[in-house]
1. Return yes when Lys23 is in contact (Cβ under 8 Å) with a residue 12 or more places away in the chain, outside any strand (DSSP E or B) and farther than 26 Å from Trp109 by Cβ and no when it is not.
2. I'd like to verify a number: residues in region 39-98 that are polar (S, T, N, Q) and open to solvent by 80 Å² or more (accessible area, probe 1.4 Å), how many?
3. Going through region 7-26 one residue at a time, which ones are open to solvent by 50 Å² or more (accessible area, probe 1.4 Å) and either within 14 Å of Cys83 (Cα to Cα) or touching a strand residue (DSSP E or B) at 6+ places or on another chain (Cβ under 8 Å) (or both)?
4. How do the pairs read when you match residues in region 65-94 that are within 30 Å of Gly108 (Cα to Cα) with residues anywhere that are of a type in the set (Val, Ile, Thr), using Cβ under 6 Å and keeping only pairs 6 or more apart or on different chains?
5. Is it the case that Ala25 is over 13 Å from the mean Cα position of the chain (by Cα) and among the hydrophobic types (A, V, I, L, M, F, W, C)?
Amino acid sequence: MPYIEAKFSVKLDESQKDDLQKKLANAVSSAFSKPKSYIMTNIEDDKSLFMGGNNVEKGAYIVIRSLGSIAKSSCQAATKEICDILTNEYGLNGSSIYITYHPVDLWGWNGSMF
């Protein structure tokens, strides 16, 4: 049930998006001990991102929502792995990557509530 919403300032082709969504899902699945089959990912590329009033050329903002409480240690593990992927494999600037985590108390799926 985690949901990953990722906005990138760079343009990605469909192959890169597919590869990236798998890697993001793997990172979150591993860090949160959640099955990949329940992870939904949204990737938006070529977005205008700004930090300190300046255009971010190679950055990202990622929001991760998950059912129930989220341990800080899980967030740290996910942050490390995601940042490593984005900097080493996609050339993003580590200081231009923000990741936020949001626990969700109520989550509906397939006509009912978890």
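The values are calculated or read from the model by the stated rules, or taken from the named source; none is laboratory data. Computed from a predicted structure; not experimentally measured. When we count neighbours, we look across all protein chains shown, and the Cβ atoms used for this are built from the backbone with ideal geometry, even at glycine. Just the protein is used for accessible areas: all its heavy atoms, side chains included, with ligands, DNA and RNA removed. Shrake-Rupley method; radii C 1.70, N 1.55, O 1.52, S 1.80 Å.
1. no
2. 8
3. Lys7, Gln21, Lys23, Asn26
4. Arg65/Val104; Leu67/Val104; Ala78/Val28; Thr79/Ile99; Cys83/Ile97
5. Against the criterion (over 13 Å from the mean Cα position of the chain (by Cα) and among the hydrophobic types (A, V, I, L, M, F, W, C)), Ala25 does not qualify.
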